[in-house]
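Written out below as structure tokens is the structure these notes cover.
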Amino acid sequence: MNWNLYVNFLIALLAIINPVSVLPMWSELTSDKSNKVRLRVATMLIGFTIISLTVFLVAGKYLLGFFGIDLIVFKVAGGVLLMTTGIKMIEGKNVKMPEKDDGEGTDLQLAKIRFRQIIVPMGIPFLVGPGSITTVFLFGFGLTSFVDIGALIAILIVVLVALFFLFTSFHWVESKVDPIVFTAITRLFGIIVTAIAFQFILEGLGEIFPNWVNNTSPVIGEDSNTPNPETN
């Protein structure tokens with residue numbers, strides 16, 4: 001068994017799926033609902049995340065190949081989407097529901113309505129986004145051992161189930177902490193998310209335009225500060 005692979009995958013997942021950044025948004029988007037409804041919403045959200053990331057872990061390279069999408073292009077596009085979300089977090093636009101009143105219905109019906117409303121941005125791109133998809137894609141790429149694949153899937157499930165329990169027990173924290181604290185944390189992490197997104201974009205563009213990143217140009221020569229004699 002490749003324990004080094006498993007530990008690195010666990011650390012990478014915990015870094016990308018950061019509960020500290022997700023929980024304030026969860027509070028803002030579901031705090032108006034009963035604990036029973038929130039339990040069902042959390043089940044749908046975590047279930048969606050487990051299925052999506054497992055598919056990318058096992059068959060990510062085949063999916064990208066089928067649609068003719070290069071991983072570099074996916075990184076740039078995902079970074080743009082993540083940056084948009086980060087900017088909205090800073091402005092406080094994506095942490096407020098356009099309409100809190102979901103009408104009448106059973107707990108399951110209300111949970112389905114709220115899940116459809118918060119799948120963006122919580123499901124996509126925070127839990128299933130460029131960071132998490134790229135992480136599971138890269139770790140799963142080239143794996144041929146069923147033991148390794150099964151172990152990575154198990155680690156993924158354990159991390160997300162732990163996040164599920166944080167979601168379902170977070171009402172206790174909410175009762176002890178003023179909501180303005182979560183608002184402030186969300187704004188702060190908006191800056192961090194925007195920076196991470198910008199890094200994804202730069203990494204993708206760096207692979208597409210290596211000369212630009214290496215500060216070289218066929219017009220001005222190897223050093224951008226030294227004119228190319230052929231242009232004089």
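Looking at the stretch 1-21, which of its residues are buried (at least 19 other Cβ atoms within 10 Å of the Cβ) and either of a type in the set (D, E, K, R) or assigned to a helix (DSSP H, G or I) (or both)?
Selection gives Phe9, Leu13, Ile16.
Does the stretch 57-71 include one or more residues that are buried (at least 19 other Cβ atoms within 10 Å of the Cβ), part of a helix (DSSP H, G or I), in contact with a helix residue (DSSP H, G or I) (Cβ under 8 Å, 6 or more places away or on another chain) and modelled with pLDDT of 90 or more?
There is at least one residue in the stretch 57-71 that is buried (at least 19 other Cβ atoms within 10 Å of the Cβ), part of a helix (DSSP H, G or I), in contact with a helix residue (DSSP H, G or I) (Cβ under 8 Å, 6 or more places away or on another chain) and modelled with pLDDT of 90 or more.
Looking only at the stretch 125-161, count how many residues are touching a residue at least 12 places away in the same chain (Cβ under 8 Å) and closer than 27 Å to Thr30 by Cβ.
17
For the structure I just gave you, tell me whether Gly150 is surrounded by fewer than 20 Cβ atoms within 10 Å (Cβ to Cβ) and either of a type in the set (Gly, Ala, Ser) or touching a helix residue (DSSP H, G or I) at 6+ places or on another chain (Cβ under 7 Å) (or both).
Yes.
The values are calculated or read from the model by the stated rules, or taken from the named source; none is laboratory data. Treat the numbers as computed from the prediction; the structure is a model and nothing was measured. Counting neighbours? That spans all protein chains shown, and the Cβs are built from the backbone with ideal geometry, glycine included.
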